[in-house]
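The values are calculated or read from the model by the stated rules, or taken from the named source; none is laboratory data. Predicted model, so just to flag it, every value in this text is computed and none were measured. Every residue, glycine as well, gets a Cβ built from its backbone with ideal geometry; the counts of neighbours run over all protein chains shown.
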Amino acid sequence: MRWRAAAQLSPSALAAGGIGNLLEWYDFGLYGYFAPVLGRLFFPSHDPLASLIGAYAGFAVGFAMRPIGGAVLGHVGDRLGRRFVLLLSVTLMGAGTTAIALLPTYAAAGIAAPLLLLFVRLFQGFSVGGEYTGSVAYLVETAPAHRRGFAGSMANIGSTAGVLLAAAVAAATVTFASDAQLASWAWRLPFILGGVLATGALLLRRRLRADGAPPALTRELPLKRAVTRDRRLMAIAILFTSGYGIVNYLTMVFFPVYAGQFGGLSEAHALQATTLAQALALAVVPLAGIANDLIIRRRTLLIAAFAAEFAAALGAFLLAREGGLAGFATAQLVFGALLALVMGTDPAMLSEQFPGEYRMSAYSVAFNLGLGIGGGTAPAIATALIAATGFTLAPAFYLMLAAAAAVVGALLMADCSRGPLP
């Protein structure tokens, strides 16, 4: 190894690594939870499904830019260091979140409103392309070998906390604001809060030391070296993250909207149940990180979690459609716990696949292509499948396919648990 990991974990580094992901997933979760409201305000239509598809298209557009952002910011991280890219990404993300709060709606600006929203989502997608992978690379590289699972899970503790906060803020907003207030001004307040969070994240990250793998010194582009040397591994990582992304966004973003649209639940009740599931996940993520450091191999835990997602998919969507609030809450809690096992394991697993000289470039592009292809399009595809077939359980089979793809991807990756970093 060309650098030495810390002898022990740094609390300030763990916090700084996690807080940017809190902001990132707060915003993306918030957009998903407010999709029905944003659909009515920015993509008005006589057909509620058409409006929802329009809003989810904005969700997917943000992910479409993530591979480009991952390539650019990954290159910056490999050339200039992890600290620089972490400061840059959180600044850009905060600016985009604040911009959404200030946008005019379709009623005020006509066709310019959805176009502006899509532009902001493109900007945000670019900025987060290096956020998650940059923080994971920093955390894993600076952690002792026997603590990399827990250190990497800190990024997803932050992301889980962000989605939990988004669910809680969205639930509070739709609970305490009337429909007229929600459509007029209340929907903007949660996005303004995102700008405040970004300021706090920037101040905390300014205290980071410039640790991690040293900048690449070769003239050859880090990404070019990754594609040349590890093309097969990057394809496997994309397969895994595509399946993971679909599972993630179908279970924790699309699922409460599905329960509201087809299970008759109010938006407030669906978001409250999802908030409980995110709270459970927040507790499970660090436990999963500790477990894959000390008890179970990372690959084994990932395969078990996605196999359970496959087995639970159809029953969970049936509960959401026909089981009322109790049935939906039960299914959402199961989904939350299973996803938390993955989130406590995959950061270390994926970042351990690539050598330090191009780790961030390879990891960023593979991760963001998978999430962009799979996760970013999952809610829109699931909604379109229902609209095209009339079969309301179609998303469950889509979820099963994704879980199977993730299992195959995990099987094909090397398991470097507790071994030296490449």
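If you go through the stretch 147-161 and keep only what is modelled with pLDDT of 85 or more and not hydrophobic (A, V, I, L, M, F, W, C), you end up with R147, R148, G149, G152, S153, N156, G158.
Residues in the stretch 305-345 that are in a helix (DSSP H, G or I) and β-branched (V, I, T) were compared, and the one that is surrounded by the fewest Cβ atoms within 10 Å (Cβ to Cβ) is T330.
Exactly one residue out of A405, A316, A378, A329 is among the hydrophobic types (A, V, I, L, M, F, W, C) and within 27 Å of F150 (Cα to Cα), and it is A405.
Among the residues examined, F84 does not qualify as aromatic (F, W, Y), surrounded by fewer than 22 Cβ atoms within 10 Å (Cβ to Cβ) and closer than 21 Å to L193 by Cα.
Of the residues contained in the stretch 135-147, none is found to be outside any helix (DSSP H, G or I) and among the β-branched types (V, I, T).
Of the residues making up the stretch 172-201, those that are touching a residue at least 12 places away in the same chain (Cβ under 8 Å) and within 14 Å of V37 (Cβ to Cβ) are T173, V174, T175, L182, A183, A186, W187, R188, L189, P190, F191. Does R82 satisfy the condition of being touching a Gly at 6+ places or on another chain (Cβ under 8 Å), touching a residue at least 40 places away in the same chain (Cβ under 8 Å), closer than 16 Å to R121 by Cβ and of a type in the set (K, R)? So R82 fails the test. I'd like to know if the stretch 152-170 contains one or more residues that are among the aliphatic types (A, V, I, L, M), farther than 27 Å from P11 by Cα and surrounded by 24 or more Cβ atoms within 10 Å (Cβ to Cβ). Looking for residues that are among the aliphatic types (A, V, I, L, M), farther than 27 Å from P11 by Cα and surrounded by 24 or more Cβ atoms within 10 Å (Cβ to Cβ), one finds at least one in the stretch 152-170, hence yes.
Quick grid of which residues meet (1) more than 24 Å from the chain's Cα centre (by Cα); (2) modelled with pLDDT of 85 or more; (3) farther than 28 Å from I246 by Cβ:
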| residue | (1), (2), (3) |
| --- | --- |
| G32 | no, no, no |
| P48 | yes, no, no |
| A55 | no, no, no |
| F63 | no, no, no |
| R66 | no, no, no |
| V76 | no, yes, yes |
| R83 | no, no, yes |
| L87 | no, yes, yes |
| A112 | yes, yes, yes |
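Per this entry, L421 is counted among residues that are in contact with an Asp or Glu (Cβ under 9 Å, 6 or more places away or on another chain) and not in a helix (DSSP H, G or I).
Any residue at all in the stretch 353-372 that is among the acidic types (D, E) and closer than 30 Å to S178 by Cβ? The answer is no, given that none of the residues of the stretch 353-372 is among the acidic types (D, E) and closer than 30 Å to S178 by Cβ. Scanning the stretch 276-299 for residues that are basic (K, R) and either out of contact with any Asp or Glu (no Cβ under 8 Å at 6 or more places or on another chain) or surrounded by 24 or more Cβ atoms within 10 Å (Cβ to Cβ) (or both) yields a single hit, R298.
Using the structure shown, decide if L102 is out of contact with any Gly (no Cβ under 8 Å at 6 or more places or on another chain), within 26 Å of G356 (Cβ to Cβ), surrounded by fewer than 19 Cβ atoms within 10 Å (Cβ to Cβ) and at pLDDT 75 or above. No; evaluated as a whole, the condition is false for this residue. The condition (being part of a helix (DSSP H, G or I), touching a residue at least 12 places away in the same chain (Cβ under 8 Å) and surrounded by 24 or more Cβ atoms within 10 Å (Cβ to Cβ)) is satisfied by just one residue among A396, A380, A362: A362. Taken together, R225, R219 contain a single residue that is in a helix (DSSP H, G or I) and of a type in the set (K, R), which is R225. The set of residues in the stretch 278-304 being outside any helix (DSSP H, G or I) and at pLDDT below 95 consists of I295 alone. Tell me the residue from G77, G70, G18 that is in a helix (DSSP H, G or I), within 29 Å of T383 (Cβ to Cβ) and either in contact with a Leu (Cβ under 9 Å, 6 or more places away or on another chain) or among the β-branched types (V, I, T) (or both), please. Of G77, G70, G18, the one residue that is in a helix (DSSP H, G or I), within 29 Å of T383 (Cβ to Cβ) and either in contact with a Leu (Cβ under 9 Å, 6 or more places away or on another chain) or among the β-branched types (V, I, T) (or both) is G70. Among the residues examined, R66 does not qualify as basic (K, R), in contact (Cβ under 8 Å) with a residue 24 or more places away in the chain and surrounded by fewer than 24 Cβ atoms within 10 Å (Cβ to Cβ).
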